[in-house]
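J.: Structure below; questions to follow.
The values are calculated or read from the model by the stated rules, or taken from the named source; none is laboratory data. Just so it is clear, the structure is predicted and the values come from calculations on it, not from any experiment. So basically every Cβ, Gly included, is an ideal-geometry build from the backbone, and we count neighbours across all protein chains shown. We work out accessible area using only protein heavy atoms, side chains counted, and drop any ligands, DNA or RNA first. Shrake-Rupley method; radii C 1.70, N 1.55, O 1.52, S 1.80 Å.
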Amino acid sequence: MSAESEHLASTPGAERAGRMGAAWGAERAGRMGAAPGAERAGRVDARERALDSWSELHGGMDPRQNPWVRGWVLISHGCARPLVRLGVTANTVTVLGVVATGIALCLTILGGWWPLVAALVILVAALLDGIDGAIAAQTRTASRWGRINDAVADRCSDVMLIGILVVVGAPSWLGVSIVVLTLILETTRATAQAVGMTGPGAVTVWERPSRVILAIVAAVCSTWWWAADLASDTAATLAAVVGVVGAVLAVAGTIQLGVAVRRQTRRLG
């Protein structure tokens with residue numbers, strides 16, 4: 001067979017193979033091009049749903065307006081997803097958050113390096129406080145009873161967080177004062193919402209993140225004072241300073257919320 005005949009005989013097969021290879025390559029390229037885009041769009045959609053669900057649970061307040069709140073919501077929802085797959089309920093996480101705060105208080109009482117460990121446990125407890133709501137949103141199990149449990153758990157945790165200030169050396173009367181102001185703030189908000197106010201009324205300077213941060217600062221400073229071998233009187237004075245900061249924030253937050261609630265409830269009649 002001549003070279004020309006060989007060429008004519010091989011052309012149809014080669015052409016068909018080329019078309020098949022080209023088609024397969026185009027299909028693969030399409031899949032590769034579409035998959036990242038679809039995946040990326042899915043992630044964006046999931047983030048938007050998480051932000052919207054948080055807004056629904058918090059009286060319509062949009063977390064997108066505050067980058068810190070937005071980031072916190074997205075982190076909470078990201079941590080909640082594997083727990084949802086494991087079948088962990090929101091109420092279980094709520095209880096775990098209170099238990100973790102109690103453990104942090106006990107660790108602080110031990111003194112030495114333990115308050116530093118307590119600071120890490122407080123962070124975990126704060127994260128759990130956001131994860132329970134994320135689980136409720138993702139599993140569509142949010143309920144009025146769940147909100148009541150969450151509110152009661154938060155108040156128990158608040159008392160223990162402020163108790164950490166007293167444990168590290170702040171005066172007891174100062175700790176009690178902060179607890180009373182915190183309960184007045186939260187009771188005012190809950191009562192206003194019960195009579196028709198939508199949303200939190202105002203995001204004050206004395207919200208849960210402020211209480212968590214103050215407890216962490218107190219725990220870390222306690223370890224620092226112990227490591228530096230400060231005199232007990234000096235450590236008590238510094239702890240009182242931290243407590244005074246908390247009291248000032250609590251007073252300011254209570255006034256801030258009171259003004260906002262008065263303004264909003266006046267419009268309700």
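J.: For the peptides 166-176, 117-127, what is the packing order when you average, over each peptide's residues, the other Cβ atoms within 10 Å and list the highest mean first? Write down the numbers at each step before the final one.
T.: Working: 166-176: 18.7, 117-127: 20.6.
Result, highest mean first: 117-127, 166-176.
J.: Subtracting the Cα-Cα distance from 0.36 nm times the residue separation, let me have the gained length for SER143 to LEU86 in nm, one decimal.
T.: On the way: separation 57, 0.36 × 57 = 20.52 nm, distance 2.07 nm.
That pair, SER143 and LEU86, stretches by 18.4 nm at full extension.
J.: Might you tell me the accessible area per residue for the stretch 220-269, computed with a 1.4 Å probe and given in Å²? Don't skip to the end; give the middle numbers.
T.: On the way: 3030 Å² over 50 residues.
In whole numbers, the stretch 220-269 has 61 Å² accessible per residue.
J.: If each of VAL205 and LEU120 carries a label point 7 Å out from its Cα toward its Cβ, how far apart are those two points in nm?
T.: Distance between label points: 3.3 nm.
J.: Each residue of the stretch 192-203 in order: what ³J(HN,Hα) in whole Hz does its phi give by Karplus 6.51 cos²θ - 1.76 cosθ + 1.60, θ = phi - 60°, with x for Gly and Pro?
T.: 5, 5, 5, 9, x, 6, 9, x, x, x, 6, 8
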